[in-house]
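Shown next, in structure tokens, is the structure this report addresses.
The values are calculated or read from the model by the stated rules, or taken from the named source; none is laboratory data. Worth saying up front: this structure is predicted, and the values here are computed from it rather than measured. Quick reminder, even Gly has a Cβ in these numbers, built from the backbone with ideal geometry, and neighbours come from all protein chains shown.
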Ligand code: ADP
Ligand code: MG
């Protein structure tokens, strides 16, 4: 049996009285790329945020690397070191340089030596084509560059698992490809385990092993990517794909 990085069982999430996730069940194997698709408001961000403890859930179980997560802040802080997350909004610290943004986690949280951490950061920056921007501040970067830095910052912690939530949604069209290529390389060359929320259907089709389709807080289908994009199992998913053309 393949190694499971993540298992979610019977997860239920409410915002006050509003029930936004209903009986969520799925798992992610090591090296697997899962795309989470669904209309706006279906609960994609909420689900992603539950997976690294940024949102509380009311019922259900999350197992990470074979261990049941005790949903308290101390446990989540440890787990978050192994889960990298990049959001739609660029959440770089505006008062820190690119390098200091990247080194914050490795040096402050993981207590790594600054010299070796910065050598590694330079390699990651080279990989995303931004090695000349170490001393720049976030305001001096384009949206696409900021997202590439946000990805590098997550990778600098050596995550076992990455979560991407619409990371290209705020970008100008000409910036989108560069960011998607980096995520695509992580999937295809590094075999990084990841869940990707995206509105870019071609990209989703290129990288996904499996698609989870969410509507109104329920997983309507979990389908191998090839099947999903050719012939989804539900009419609702077909309508969704038609609307994305
Ligand atoms: P998606 O990412 O698929 O667009 P979200 O997870 O953002 O969906 O939202 C799912 C549902 O939860 C929506 O009905 C949304 O209005 C609601 N919601 C999201 N965040 C909050 C919040 N902080 N408080 C209350 N309701 C929220
Ligand atoms: Mg969202």
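Every residue, every condition in (1) within 16 Å of ligand 2 (Cβ to nearest atom); (2) free of Cβ contacts under 8 Å to residues at least 60 places away in the same chain, yes or no:
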position	(1), (2)
38	yes, no
57	no, yes
61	no, yes
69	no, yes
84	no, no
102	no, yes
108	no, yes
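Kindly check whether there is at least one residue in region 91-103 that is under 19 Å from the mean Cα position of the chain (by Cα), surrounded by 21 or more Cβ atoms within 10 Å (Cβ to Cβ) and part of a helix (DSSP H, G or I).
Yes, there is a match, as at least one residue in region 91-103 is under 19 Å from the mean Cα position of the chain (by Cα), surrounded by 21 or more Cβ atoms within 10 Å (Cβ to Cβ) and part of a helix (DSSP H, G or I).
Tell me which residues, restricted to region 1-17, are within 16 Å of ligand 2 (Cβ to nearest atom) and either under 16 Å from residue 193 (Cα atoms) or touching a strand residue (DSSP E or B) at 6+ places or on another chain (Cβ under 9 Å) (or both).
13
Could you check residue 20 against (1) near ligand 1 (Cβ under 7 Å from one of its atoms); (2) out of contact with any strand residue (DSSP E or B) (no Cβ under 6 Å at 6 or more places or on another chain); (3) in a strand (DSSP E or B) and say which number it fails?
It fails just one condition, (2).
Looking for whichever is at pLDDT below 95, within 16 Å of ligand 1 (Cβ to nearest atom) and closer than 24 Å to residue 197 by Cα here; the options are 88, 77, 81. Which one fits?
88
Quick one: would you say residue 79 is farther than 23 Å from residue 20 by Cα and in contact with a strand residue (DSSP E or B) (Cβ under 6 Å, 6 or more places away or on another chain)?
Yes, satisfied.
Can you pull out the residues in region 170-207 that are farther than 21 Å from residue 130 by Cα and within 16 Å of ligand 1 (Cβ to nearest atom)?
Across region 170-207, the qualifying residues are 195, 196, 197, 198, 199, 200, 201, 204.
Need at least 1 residues that are at pLDDT 95 or above, buried (at least 19 other Cβ atoms within 10 Å of the Cβ) and within 13 Å of the chain's Cα centre (by Cα) per element, so show me which strands (runs of 3 or more DSSP E) inside region 127-226 make the cut, counting only ones lying wholly within it. First the steps, then the outcome.
Values: elements: 161-165, 193-197, 210-215, 218-224.
Hits in region 127-226: 161-165, 193-197.
Looking at the structure I just gave you, is residue 32 surrounded by 15 or more Cβ atoms within 10 Å (Cβ to Cβ), in contact (Cβ under 8 Å) with a residue 40 or more places away in the chain, closer than 12 Å to residue 195 by Cβ and out of contact with any helix residue (DSSP H, G or I) (no Cβ under 7 Å at 6 or more places or on another chain)?
Yes; evaluated as a whole, the condition is true for this residue.
In region 56-89, what count of residues is obtained for those that are farther than 27 Å from residue 147 by Cβ and part of a strand (DSSP E or B)?
Total meeting the criteria: 6.
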